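Novice: Here it is: the structure, laid out below.
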Amino acid sequence: MTLSLSSKAFAPGQSIPPKYSCVGRNLSPDLAWTGAPAATKSFALIADDPDAPMGTWVHWIVFNIPAMTTGVPEAAQFSDGSVLGKNSSRHLGYDGPCPPSGTHRYFFKLYALDTMLTLSASASKDQLLKAMQGHILTQGELMGTFSK
């Protein structure tokens, strides 16, 4: 079983509109999903850029998204117990695409988990991935591109 992850902002493999980037308003795009298993206790979301010159750049980390959630709105503000992790800019929250040159790929990855995680809000992508080991029920992915 795979989660189906989509956005009204951009189609899979297509360009992410500038308002979701550093050259625009730097808003997080809306995301919607279906296909979560009944045993899901929470979701985790990672958005990253594997094409960054210094290695994968993490743009957004959110975990402990409640199991009954089926999406997040544009410019998401979380007041439902979800926890924001620290991105590569060392911020809690979303930092949009901002490639130094060329066209980069941005992957939004959603994981359905069989548990709530006991990580702090300063958790990194590596810490999140380690905590999720053995707890991933299924996952889904949405990729968009961006160039300045």
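Only the coordinates and a few stated rules stand behind these numbers; no lab work does. Worth saying up front: this structure is predicted, and the values here are computed from it rather than measured. Positions of Cβ are generated from backbone atoms using ideal geometry, with glycine treated the same way; all protein chains shown enter the neighbour counts.
Novice: According to a simple spin-label model (label point 7 Å from Cα along Cα-to-Cβ), what is the distance in nm between T145 and D80?
Specialist: The answer from the label model is 3.2 nm.
Novice: Within the stretch 25-118, which trypsin sites (Lys or Arg not before Pro) sit in a loop by DSSP and count at most 16 neighbouring Cβ atoms inside 10 Å? Numbers along the way, then the final one.
Specialist: On the way: sites: R25, K41, K86, R90, R105, K109; in loops: R25, K41, R90.
In loop regions of the stretch 25-118 (DSSP not H, G, I, E or B), the sparsely surrounded trypsin sites (Lys or Arg not before Pro) are R25, K41, R90.
Novice: Subtracting the Cα-Cα distance from 0.36 nm times the residue separation, let me have the gained length for D30 to D126 in nm, one decimal. Can you show the working numbers first?
Specialist: Numbers: separation 96, 0.36 × 96 = 34.56 nm, distance 2.45 nm.
Length gained between D30 and D126: 32.1 nm.
Novice: Now a separate question. Highest GNM mean-square fluctuation, the chain, Cα pairs closer than 10 Å: which of N64, N87, N26?
Specialist: N26
Novice: While we're on this one: Quick check for you: which residues of the stretch 122-148 have the amide N under 15 Å from the point 7 Å beyond the Cα of A39 toward its beta carbon?
Specialist: 133-139
Novice: Taking only pairs that are 8 or more places apart or on different chains, how many Lys pairs in the chain have Cα atoms under 27 angstrom apart?
Specialist: Number of lysine pairs found: 22.
Novice: What 222 nm value per residue comes from the helices of the chain, counting each DSSP H run with n ≥ 4 as -39,500 (n - 2.57) and dividing by all residues, nearest 500 deg cm²/dmol?
Specialist: Rounded to the nearest 500, the figure is -1500 deg cm²/dmol.
Novice: What residues qualify as long-range amide H neighbours of E74, i.e. H under 5 Å apart, gap of 5 or more or another chain, H built at 1.01 Å from N?
Specialist: D30
Novice: Grab the other residues whose beta carbon is less than 10 angstrom from that of P99, score K and R as +1, D and E as -1, and report the net.
Specialist: Net of charged neighbours comes to 0.
Novice: Quick one: S88, S101, fewest Cβ neighbours within 10 Å first, how do they rank?
Specialist: Values: S88 18, S101 8.
Starting with the residue having the fewest Cβ neighbours, the order is S101, S88.
Novice: Further question on the same structure: So if R0 is 22 Å, what FRET efficiency would M68 and F107 give, r being the distance between their Cβ atoms, rounded to the nearest 0.05? Mind showing how you got there, number by number?
Specialist: Values: r = 25 Å, r/R0 = 1.13.
The formula returns an efficiency of 0.35 here.
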